[in-house]
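Written below as structure tokens is the structure these notes are about.
The values are calculated or read from the model by the stated rules, or taken from the named source; none is laboratory data. Bear in mind that the values here come from a model prediction, so they are computed numbers and not experimental data. Reconstructed Cβ throughout: ideal geometry from the backbone, glycine too, with neighbour counts over all protein chains shown. To get the accessible areas, we keep the full protein, side chains included, count just its heavy atoms, and leave off ligands, DNA and RNA. Shrake-Rupley method; radii C 1.70, N 1.55, O 1.52, S 1.80 Å.
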Amino acid sequence: MRVEVELPEVGENNGDEATVSFWYIEEDEEVEEGEDIVEMITEKTTFNITAPVSGRLVEILAQEGDVVKIGDIVAILETEEEEEEEEEEEEEEEEEEEEEEEEE
């Protein structure tokens, strides 16, 4: 399953946008739920966005130096559940193909 990682609200008096400072992980890397994935900077504070789920970082949408607003999607994670489901579907398709070949 794909999970969108958004810029959360940072708290009162911190504005409605932040700058991407540094990505701790790169695309296609595995990440654990709660692990820091990106450092963000506002005029008053620096904070990290953590992974909302365990999985693989499939796409970085906001590059270092980009300014993003609260609610903007900065990255997309893919959970392991989807990968397992895809593998199961592929196995089922292969089994069906083998059965069809045997019938012929």
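Odds and ends about this structure:
- Residues that are in contact (Cβ under 8 Å) with a residue 24 or more places away in the chain and either surrounded by 16 or more Cβ atoms within 10 Å (Cβ to Cβ) or under 16 Å from P8 (Cα atoms) (or both), drawn from region 27-37: V31, I37
- Meets criteria (outside any strand (DSSP E or B), modelled with pLDDT of 95 or more and of a type in the set (V, I, T)) for I37: no
- Every residue from region 50-78 that is in a strand (DSSP E or B), within 14 Å of V3 (Cα to Cα) and among the β-branched types (V, I, T): T50, V58, I60, I73, V74, I76
Residue-wise test of (1) open to solvent by 100 Å² or more (accessible area, probe 1.4 Å); (2) at pLDDT 70 or above; (3) closer than 26 Å to G15 by Cβ.
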{"residue": "I41", "(1), (2), (3)": "no, yes, yes"}
{"residue": "T79", "(1), (2), (3)": "no, yes, no"}
{"residue": "E87", "(1), (2), (3)": "yes, no, no"}
{"residue": "E90", "(1), (2), (3)": "yes, no, no"}
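- Members of region 8-25 that are in contact with a strand residue (DSSP E or B) (Cβ under 8 Å, 6 or more places away or on another chain), more than 11 Å from V38 (Cβ to Cβ), part of a loop (DSSP other than H, G, I, E, B) and without any contact (Cβ under 8 Å) to a residue 60 or more places away in the chain: D16
- Taking the criterion of being within 8 Å of the chain's Cα centre (by Cα) and without any contact (Cβ under 8 Å) to a residue 40 or more places away in the chain, the residues of region 38-59 that qualify are R56, L57, E59.
- Going through (1) in a loop (DSSP other than H, G, I, E, B); (2) touching a residue at least 40 places away in the same chain (Cβ under 8 Å); (3) surrounded by 13 or more Cβ atoms within 10 Å (Cβ to Cβ) one by one, V3 falls short only on (1).
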